[in-house]
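A short write-up of the structure that comes next.
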Amino acid sequence: MNKAISIADKDISVTISIGIATYPEDAANRESLIERADRALYEAKSLGRNKVCSFRDMPDLL
């Protein structure tokens, strides 16, 4: 879904990519959790706009 937002009389298009990792299933500590969510985020970005990617669904990274 594309959603246009008007800012200063200009319409801009907004997209979002999300990376998900969960504790304790995907990581044992805070640093690993953030790193794995970040990896999932970059995977979502590489797949295109408006994507959600879970670390758990990335078998090559487990």
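What the table below lists for this structure:
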read-out	value
Whole-number Å³ per residue for the convex hull built on Cα positions in the chain	95 Å³
Interchain or long-range residues, amide H under 5 Å from ILE18's placed H	LYS51, VAL52, CYS53
Simple label model, 7 Å out from Cα along Cβ direction - SER6 to LYS45, nm	3.1 nm
In the chain, GluC sites (Glu not before Pro) in a DSSP loop with at most 10 other beta-carbon atoms within 10 Å	GLU25
Between 0 and 90°, nearest 10: helix 30-47 axis offset from the chain longest Cα axis	50 degrees
Fraction of antiparallel bridges per DSSP, the chain only, in percent to nearest 5	60 percent
Net +/- balance of residues flanking SER17 in space, Cβ distance below 10 Å, scoring K and R +1, D and E -1	+2
Hypothetical label at SER13: residues of the range 43-58 whose amide nitrogen lies under 19 Å (7 Å Cα-Cβ projection)	44-52
Loop sites in the range 1-54: trypsin sites (Lys or Arg not before Pro), DSSP, at most 14 other Cβ within 10 Å	ARG49
Helix-only [θ]222 nm of the chain, DSSP H runs n ≥ 4, -39500 (n - 2.57) each, per residue, nearest 500	-10000 deg cm²/dmol
Nearby aspartates and glutamates by direct alpha-carbon distance to LYS3 (threshold 12 angstrom, same-chain neighbours under 8 apart not counted)	ASP11
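We did not get these values from a lab; they are worked out from the coordinates using the rules stated. All values derive from a computational prediction rather than experimental measurement. In this analysis, Cβ positions are derived from the backbone assuming ideal geometry, glycine residues included, and neighbour counts consider all displayed protein chains.
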